[in-house]
Amino acid sequence: MKNLDNSKSNGSKAGSWRSRLLFLLLILVSTGLSAQDKATISGYLTNASDGETLIGATVFIRDLGAGTSSNEYGFYSLSVPKGTYNLEYGYLGFETIIKEVNLNENLKLDIELQEESAVLEEIVVKSEAENKNVVELQMSVEKLDIQTIQKLPTLLGEVEIIRSLQLLPGVSTVGEGATGFNVRGGSIDQNLVLLDEAPVYNSSHLFGFFSVFNPDAVKDVKLYKGGIPSRYGGRLSSILDVRMKEGNSKQLAVNGGIGTIFSRLAIEGPIAKDKASFIVAGRRSYIDILAQPFLNDDLKDSRLNFYDLTMKANADINKKNRLFLSGYLGRDNFGFGDQAGFSWGNGTGTLRWNHLFSDKLFSNFTLFYSDYDYQINFGNEVDNSFDWSAQILNYSLKPEFSYFLQPSNVLRFGGQSTIYQFSPGDAIGVSSGEEADFGVPKQYAIESAVYLENELDIGPRIKTNYGLRLSHFNYTGKGFAYTYGEAEEGERPPLVGLEEFDQWKSIETYLNLEPRASIKFQVNELSSLKASYNRTVQYLHLVSNTTAATPVDVWTPSTNNIKPQKADQVALGYFRNFKKNTYEFNIETYYKKLYNLLDYVDGADLLLNPFLEAELLQGDGRAYGLEVQAKKSKGDLSGWISYTLGRTERLIEGINNDDWYPSRFDQTHNLTVAAFYQLNKRWSVSSNFSYVTGTPATFPTSRYEQQGYVIPHNAYNTRNNVRIPAYHRLDFSVTLDPRDKPDKRLKSQWVLSVYNVYAKRNPFSIYFIQDGDRVPTGSTVETFAEQLSVIGSFIPSISYNFKFK
């Protein structure tokens, strides 16, 4: 009877599968038949003034209630039943064009959109894309256009992308002078920063005061905090996707600026009009040049500067093929005469090929190179010197495909493979002519992934995006694999063995599935509910136990002793617009569970240590919070208010008595206000205010005194047991724009700004010192708490910007 029941069950299952297969075949046949009655219109949407492609521009057929938007390369594809339609092409800040199109067959139609101030010969209506935040599927995504970024008051009057993002909900920093940024409780290495798809490992100049992105060369900035699509991977917390301009394909244009500490210049123009273009943008600071007259002879040759050079060229080969070549080179230099020097920098190169297999199948093939390195040297004598350099180098190939099945159904798929070379430290010391090698062996790894992603509308109210990413990491030779023995919780384990591996021979491999899903429910025209889930895996780790990350921190791969970090995040949000989309309101809540996070044994030795793995501990983390934003996007007065209530904690065996403790970048309250007021056509003012809860720190709870010296002691073995005082700052700027004269080729702008208006000395860290005088035996030694403030006063500045075409 048991076997008979099983056979009946198997027969029932087989019949069920046959029914499903028949149903699937019927769908495919009906899809093929319906496709014969449809036509596809596709093309590129560009800016009429300079030929730049428009990302996220909309194409809509009101009669059908069907539409789509352009991708990262300005391409769109829309398949609808054959017929004659009025197509609406729109983009925020541009006039919407309505074109009557006869779609009896597939049609390729490129459209140029004029900015709102221009006059069109065709029928023009106002753009209706202002409710995009409500109707689009994406949540936990912040998008700042470069025009808004340029209006914000900044340090020394220089437009700054990374610091602008810190005014948005869920984004923060541990203080002034800290590199990078933190997203929803994540560390800075958990952010994947992309410049034209190439990763940038240190996104800061001058220890975090300026970013590596030249605003004159940037077209689009998008930050994914959650709901990360399957096509992105490699980091836990966020994706910052920065896209460069292609260059003016209509005419030669020059723009730049002269500021308090550095100047910039960008040149762009056509190589072949409307077919190929280029842009070259450079910046260089000149603090060292201005300081030269005030330096003594020992410091006469000191260097204190940074520079970057951004380049891009593109060409339309034909209607189906387009090539892009872009690159970045930037460096910070600090040198104190010829006695000591310190420098770091990024270099990237990206080659991309867009190919249309058909009107529905768009592809992009990317080959990129990324290099980050730093160098330190002491001493200028042949017999006494120290030189130290480190580097992370990678090469990657990434094919991607987008198949526009229907307006309501887009399939994306592709893959990526990256080769890494880690050089933790090449260090040579020379003392009295004797040379010693302190270097650490190189490490190698290969990371690969494939993904499948589907964006699907289920009826008029529900839109979904779901997908799966399969990632694989191979830690390889040439090098040694170390084996460590057992140790007490929180203690350094002993080395018990090692094995040498040849080049590219596998030492350890990891394979992980990363499911992603997002859904939107359209409540009505002005409001929607959204939810998302994503699992992310990170195979690279930034090793740093300082107050804030520094340029000399160590990147290390996952190994046989260091597991990859993982995170699961869920988010839920409500989005609502008011008064014809003049006011926007959104509220999101999130919960993120993290695994295999790094921390360190007490007294960890992290630099130039071949046994670095023994200094590391791994454990769990959690981050949760609420993000609220209210925004006014129209009128003379505009801006936003953002508030984040969040916590981020860690649980690692051997730390804090095996109990949860706040991470270094845990900030409970984060309030920001940004306001812009247009006084008239030429004058405008802007201001922003920030208030952030102080970050946690570990202070001693008791002390010992021995022979007149104080020895601090944490009697309860607690981690991050206090908080430094809160951070708050107000900035203000005034902008004078040029007169509106269309025939005038040179247009200039003046910006006067004040950073830290009320001169707040915000604490970066607090440390303890004791009185330097000898204390008589039996007397108590006095100790003092000292506050380190990176900026302790208000900083006024003036800058001049110009455009010539």
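Worth a mention:
- Angle in degrees between helix 2-36 and the longest Cα principal axis of the chain, rounded to the nearest 10: 70 degrees
- Under 5 Å, built H, 5+ apart or other chain: amide partners of PHE768: GLU786
- Chain lengthening between THR777 and PHE365 when straightened (0.36 nm per residue, less Cα-Cα): 140.8 nm
- The alpha carbons of the stretch 206-292 stretch over 47, 43, 15 Å along the principal axes, in descending order.
- The chymotrypsin sites (Phe, Trp or Tyr not before Pro) found in the stretch 753-792 that occupy coil by DSSP, while having at most 13 further C-beta atoms within 10 Å, are TYR758.
- Equivalent ellipsoid semi-axes, the stretch 461-594, via Cα gyration tensor eigenvalues times 5, rooted, Å: 44, 18, 13
- Taking all protein chains together, ASP216, ASP771, ASP63, ASP659 sort by accessible area into ASP63, ASP659, ASP771, ASP216, largest first [probe 1.4 Å].
- Cα-based reach from LYS681 at 23 Å (exclusive), listing lysines while leaving out same-chain residues under 8 positions away: LYS126, LYS151, LYS631, LYS632, LYS634, LYS741, LYS744, LYS747, LYS803, LYS805
- If you wrap the tightest convex hull around every Cα atom of the stretch 667-784 and split its volume per residue, you get 160 Å³.
- Backbone N within the stretch 682-714 under 19 Å of label point (7 Å from LEU626 Cα along the Cβ vector): 691-693
- Our analysis of the stretch 314-393 gives Rg over Rh at 1.32, with the two radii drawn from alpha carbon positions and Rh computed by the Kirkwood formula.
- Cα gyration tensor shape of the stretch 59-206, rounded if a/c is under 1.5, else prolate or oblate by comparing a/b with b/c: prolate
- FRET efficiency estimate (nearest 0.05) - Cβ-Cβ, LYS319 to TYR758, R0 51 angstrom: 0.30
- Each residue, THR698 and SER49, gets one label point 7 Å from its Cα in the Cβ direction; the gap between the two is 5.4 nm.
- Residue order for PHE334, PHE473 - accessible surface, 1.4 angstrom probe, largest first: PHE334, PHE473
- Once the Cα-Cα distance is subtracted from the 0.36 nm per residue extended length, the GLN421 to TRP660 segment shows a gain of 82.5 nm.
- Highest to lowest packing among 271-284, 737-750, 196-209, scored as the average C-beta count within 10 Å: 196-209, 271-284, 737-750
- For the stretch 582-721, a Kirkwood radius taken over Cα pairs fed into Stokes-Einstein (37 °C, viscosity 0.692 mPa s) yields D = 173 µm²/s.
- The C-alpha atoms of the chain occupy a region whose extents along the principal axes are 98, 92, 50 Å, arranged from largest to smallest.
- Karplus 3J(HN,Hα) series, Hz, for the stretch 44-54 with 6.51 cos²θ - 1.76 cosθ + 1.60 (x for Gly, Pro): 10, 10, 9, 7, 5, 7, 9, x, 5, 5, 9
- The calculated Kirkwood hydrodynamic radius for the stretch 659-722 is 16.0 Å, given to one decimal from all distinct C-alpha pairs.
- Size descriptor, Kirkwood hydrodynamic radius, that averages inverse alpha-carbon separations across the stretch 59-106, Å: 11.5 Å
- As a calculated quantity, the FRET efficiency between TRP353 and HIS728 at R0 = 51 Å, using C-beta atoms, amounts to about 0.55.
- Across the stretch 482-527, counting alpha-carbon atoms alone, Rg and Dmax equal 23.8, 65 Å.
- Cβ-derived FRET efficiency at R0 51 Å, THR84 paired with PHE804, nearest 0.05: 0.70
- Accessible area per residue in Å² at 1.4 Å probe, computed on the stretch 713-805: 63 Å²
- Extension gain, PHE480-GLU705: 0.36 nm per intervening residue step, less the Cα-Cα distance, totals 76.5 nm.
- Percent carbon-and-sulfur accessible area, the chain, ignoring ligands, DNA and RNA, probe 1.4 Å: 57 percent
- Neighbour cut-off at most 11 other Cβ (10 Å), DSSP loop, GluC sites (Glu not before Pro), the stretch 455-534: GLU486, GLU488, GLU489, GLU525
- The orientation-averaged shadow of the Cα convex hull for the stretch 542-607, equal to a quarter of the hull surface, comes to 7.8 nm².
- The residues of the stretch 32-81 have, on average, 31 Å² of accessible surface per residue, using a 1.4 Å probe with all protein chains present.
The values are calculated or read from the model by the stated rules, or taken from the named source; none is laboratory data. As the structure is a prediction and not an experimental result, all values here were calculated from the model. Note that we place each Cβ from the backbone using ideal geometry, even for glycine, and neighbour counts take in every protein chain shown. Quick note on the areas: whole protein, heavy atoms, side chains included, nothing else; ligands and nucleic acids left out. Shrake-Rupley method; radii C 1.70, N 1.55, O 1.52, S 1.80 Å.
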